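One structure below.
The values are calculated or read from the model by the stated rules, or taken from the named source; none is laboratory data. Because the structure is predicted, anything quoted here is derived from the model rather than measured. Quick reminder, even Gly has a Cβ in these numbers, built from the backbone with ideal geometry, and neighbours come from all protein chains shown.
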Amino acid sequence: MVKGKIVGTGSAVPEMVLTNHDLEKIVDTSDDWIVRRTGIQERRIASKFREESASELAARAATQAMEMARVSPEDLDLIIVGTATPDHQFPSVACLVQKHLGAGHAPAFDVAAGCSGFVYAVHVANNMIATGSCRNVLVIGAERLSTVADWKDRSTCVLLGDGAGAVVLTASDDETGILSSHLSSDGNSWDLLYSRDRNVDESELPELLANVAQRPSYLIMNGNRLFKKAVACLAGAANAALAYNDLHAEDIALLIPHQANMRIIRATADRLAIPMEKVYTNIEKYGNTSAASIPIALDEANRKGLLNRGDYILLVAFGAGLTWGASIVKWSEPVA
């Protein structure tokens, strides 16, 4: 069966580092509290005065992935971007990436599935390859969550960061590639994580964040209820993926979860009986970058030489919608 296999990975993050100690100057919080509750020590924040829009970060990550894959812009048959924070309501980030790359007339569109956007996009791309519609597909997760942060809400602003990650999928008929994806959603629980329009007072920014762009809406989260829902859904999707592929937890070489919160990551790994030494995390450096978090982590793991041919890699994500999903990848030859 023809399926997509990952032949290139890339990532890009903004220049500005915002530490927990910086946040102590903005809201009533502390480095100790943030680390204990979330595992985050710092995050990257995009500047409106640099080329760090979602599409620009996406194009940088895409260029890295394409160079690794030895794929030119003219070789791309499709571009899909998972994002909740596009540059504009329209056109899509994917179309702007196409422009940045000079990718001819390849179809390009965004997937809006919150933090699950990358896993959703991988599923769509893999299906397009399996049907023979495409051979080379660029899949990106790109976010500027700083633009939808409420910088007066200490429970949410400490979580959010910006960045982009990308993979190139190419058609393959060997045993490696995207084995399956398992997606779900629950619109009845939409109010656990959503956006609300800002008023004038909520648009004021502290001097430290004067370079940060703001969208007309900001993020609202019910943390306690979301935590319980996230762990149950992540574990459920992962177990469905394992069962479908006749695999067990001990078969997984590396779990790469959405980097939402270290407590959620640990609780999910515990439910799956996967030891933390087989879980890749970088949340301490980047915070929650939504749809970008898994591809950024995947690129890091790849470039560190942690992925070997035949390894089973489990990707799991959960986000606004609510949406969640899992993908199992059988890794091909190391491409770093």
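Against the definition (assigned to a helix (DSSP H, G or I) and at pLDDT below 95), how does GLU202 come out, yes or no? The answer is yes for GLU202.
Name the residues in segment 313-336 that are surrounded by 18 or more Cβ atoms within 10 Å (Cβ to Cβ) and within 23 Å of VAL2 (Cβ to Cβ), would you? Those that are surrounded by 18 or more Cβ atoms within 10 Å (Cβ to Cβ) and within 23 Å of VAL2 (Cβ to Cβ): ILE313, LEU314, LEU315, GLY325, ALA326, SER327, ILE328, VAL329, LYS330, TRP331, SER332, VAL335. Please specify each residue of segment 181-200 satisfying the condition of being of a type outside the set (Lys, Arg) and in contact with a strand residue (DSSP E or B) (Cβ under 6 Å, 6 or more places away or on another chain). Across segment 181-200, the qualifying residues are SER181, HIS182, LEU183, SER184, SER185, LEU193, TYR194, SER195, ASP197. Across segment 101-125, the number of residues qualifying as without any contact (Cβ under 8 Å) to a residue 40 or more places away in the chain and of a type in the set (Gly, Ala, Ser) comes to 6.
Determine whether segment 179-188 contains at least one residue that is of a type in the set (A, V, I, L, M, F, W, C), surrounded by fewer than 24 Cβ atoms within 10 Å (Cβ to Cβ) and in contact with a His (Cβ under 9 Å, 6 or more places away or on another chain).
yes
Count of segment 220-265 residues, restricted to those that are part of a helix (DSSP H, G or I) and either farther than 23 Å from SER195 by Cβ or without any contact (Cβ under 8 Å) to a residue 24 or more places away in the chain (or both), is 20. Within segment 282-306, the set of residues being part of a loop (DSSP other than H, G, I, E, B) and crowded, with 24+ Cβ neighbours inside 10 Å comprises GLY287, THR289. Answer yes or no as to whether ASP28 is assigned to a helix (DSSP H, G or I), over 24 Å from the mean Cα position of the chain (by Cα) and over 30 Å from ALA121 (Cα atoms). So ASP28 does not fit the description; no.
Kindly check whether there is at least one residue in segment 36-48 that is acidic (Asp, Glu), in a helix (DSSP H, G or I) and under 19 Å from the mean Cα position of the chain (by Cα). There is no residue in segment 36-48 that is acidic (Asp, Glu), in a helix (DSSP H, G or I) and under 19 Å from the mean Cα position of the chain (by Cα).
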